[in-house]
Amino acid sequence: MASMRDIKRRRGSIASTQQITNAMKLVSTVKLQKTKARAERSKPYFDKMYATVTSMLAKSGPLDHPYLKPQKSQKKAVIVITSNRGLAGGYNNNVIKLITGSDMKKEDLLIYTVGNKGREFFQHRGYTVAADYSEVIENPMFSDAKEICDEVLAKYVAGEIGEICLAYTYFRNTVVHEPTFLQLLPVDIDEADVEAARDNSLMNYEPAEDEALEVIIPKYMTSILYGALVEALASENGARMQAMDSATSNAQEMIDNLTLQYNRARQGSITQELTEIIAGANAIQ
């Protein structure tokens, strides 16, 4: 059995850790309120943007445009959004598993990382990290999303990559955060949209479809990516708040158990001392 000194020392150490985790929980709670409001304000627009573009292309029929042509390259550009810091439970691992747990071959992937945790993992595992934008996740801006999209779109038009995908965490609410893998290009058109399009007139473009798509597709890509960055940041703070709350509760449980052990050890020590004093007194008599 551990001595009272060891128990007291361990209890003090856990109490210090509990103070840290509790402070981190409070900080994450404040950040969550801000990022949650931002994500909830932007969510309807970005969800509608994706639905509108896929529906529009379904009604348009086959189009001959560089952004919509299937490419021969087997390479896939995957934009992976993680966090710059840990202590967020399974937040980062859940996003990373979307890639490592899939049937995509490592040699066919070009990883564009947003977040140090994703970059460190993929570099260490031998994946090709084409570019890193880790600073973006601290305060995502629409211009940041545009910069990333411009780079991957240029490679797509040049035929260097055949697909553009996105891996991020969808913010459903404070407690539920869903790892999501989304194919941005070629646009994944739902069969239901195609069936619905057959019952309606085809889409007409004004100006010409080439000019319209030259604006619409980059705007669609940038909007979806920006929405993903905002939702990922809210999800990160929500995950960290939950993780720190659990850590604080676990620390309190450990402190309670150690306090009970300390009191038992102290009681046993006092009982032993009393027994020795009584035995000494009896011996003198």
Residue that is surrounded by the most Cβ atoms within 10 Å (Cβ to Cβ) [pool: residues in region 189-223 that are in contact with a Ser or Thr (Cβ under 7 Å, 6 or more places away or on another chain) and either modelled with pLDDT of 80 or more or acidic (Asp, Glu) (or both)]: Asp193
Test result for Lys69, out of contact with any Cys (no Cβ under 8 Å at 6 or more places or on another chain), basic (Lys, Arg) and either at pLDDT below 85 or outside any helix (DSSP H, G or I) (or both): yes
Pairs where the first residue, in region 129-157, is closer than 17 Å to Gly227 by Cα and the second is exposed (fewer than 13 other Cβ atoms within 10 Å of the Cβ) and modelled with pLDDT under 95, C-beta under 9 Å, 6+ apart: Asp144/Glu135
Within region 262-277, considering residues that are of a type outside the set (Ser, Thr, Tyr) and in contact with a helix residue (DSSP H, G or I) (Cβ under 8 Å, 6 or more places away or on another chain), the one surrounded by the fewest Cβ atoms within 10 Å (Cβ to Cβ): Arg266
Cβ-Cβ under 8 Å pairs, at least 6 apart or on other chains, region 264-285 side under 21 Å from Ser3 (Cα atoms), far side part of a helix (DSSP H, G or I) and charged (D, E, K, R): none
Odd one out for Phe121, checked against (1) part of a helix (DSSP H, G or I); (2) in contact with a strand residue (DSSP E or B) (Cβ under 8 Å, 6 or more places away or on another chain): (2)
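Yes or no, residue by residue, for (1) under 30 Å from Ser249 (Cβ atoms); (2) among the acidic types (Asp, Glu); (3) without any contact (Cβ under 8 Å) to a residue 24 or more places away in the chain:
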site: Ser3; (1), (2), (3): yes, no, no
site: Ala23; (1), (2), (3): yes, no, yes
site: Lys31; (1), (2), (3): yes, no, no
site: Arg38; (1), (2), (3): yes, no, no
site: Lys43; (1), (2), (3): no, no, no
site: Met56; (1), (2), (3): no, no, no
site: Ser60; (1), (2), (3): no, no, no
site: Asp64; (1), (2), (3): no, yes, yes
site: Tyr67; (1), (2), (3): no, no, no
Residues being of a type in the set (Lys, Arg) and either touching a helix residue (DSSP H, G or I) at 6+ places or on another chain (Cβ under 7 Å) or within 27 Å of Tyr133 (Cα to Cα) (or both) - total across region 61-80: 2
Selection within region 91-118 - hydrophobic (A, V, I, L, M, F, W, C) and outside any helix (DSSP H, G or I): Met104, Leu109, Leu110, Ile111, Val114
Selected residue [surrounded by 17 or more Cβ atoms within 10 Å (Cβ to Cβ), of a type in the set (Gly, Ala, Ser) and outside any strand (DSSP E or B)] from Ala154, Ala145: Ala145
Residue match in region 56-66 (condition: of a type in the set (D, E, K, R) and in a loop (DSSP other than H, G, I, E, B)): yes
Tally, over region 106-128, of residues that are without any contact (Cβ under 8 Å) to a residue 60 or more places away in the chain, among the hydrophobic types (A, V, I, L, M, F, W, C) and touching a Ser or Thr at 6+ places or on another chain (Cβ under 7 Å): 4
Candidates Val53, Val80, filtered to the one that is assigned to a helix (DSSP H, G or I) and of a type in the set (Val, Ile, Thr): Val53
Region 2-61, subset among the basic types (Lys, Arg) and more than 18 Å from the chain's Cα centre (by Cα), residue modelled with the lowest pLDDT: Lys59
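The values are calculated or read from the model by the stated rules, or taken from the named source; none is laboratory data. Keep in mind that this is a model prediction, so the values were computed, not measured. We place every Cβ from the backbone using ideal geometry, glycine too, and count neighbours over all the protein chains shown.
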